[in-house]
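Since the structure comes first, as structure tokens, the remarks are kept for the end.
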Amino acid sequence: MSNRDRKDPPPPGKERQPPTPAEEQKRKRHEDQNQDEALEETFPASDPVSPFVPAKVPE
């Protein structure tokens, strides 16, 4: 696994090669999995906050 972003310029002395269809499918699948995982980690962010406020304990 590379530490480079696909938008980074190529290292000096190397030219950027277009990805093969298999590499592009693998990248897309990985990005989809990351997005799905991020969504699961934030669920249920859209649920409303409970307005319940507990009553004070009688003395």
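Here region 10-35 is scanned for amide nitrogen atoms under 17 Å from the site 7 Å beyond the Cα of Asn3 along Cα-to-Cβ, giving 10-12. Cross-link partners for Lys7 among the lysines, with Cα-Cα distance under 26 Å and sequence neighbours closer than 8 places in the same chain left out: Lys26, Lys28. Couplings 3J(HN,Hα) of region 6-13, computed from phi: 5, 8, 5, x, x, x, x, x Hz, in residue order, whole Hz [Karplus 6.51 cos²θ - 1.76 cosθ + 1.60, θ = phi - 60°; x for Gly and Pro]. So what's the net charge close to Asp8: Lys and Arg +1, Asp and Glu -1, counting the other residues with Cβ under 12 Å from its Cβ? That sum, taken over residues with Cβ under 12 Å, equals +4.
Read the figures in this text as sums done on the coordinates, not as results from a lab. Please read all numbers here as calculations on a predicted model, not as lab measurements. For neighbour counting, all protein chains shown are included, and Cβ atoms are generated from backbone atoms with ideal geometry for every residue, glycine included.
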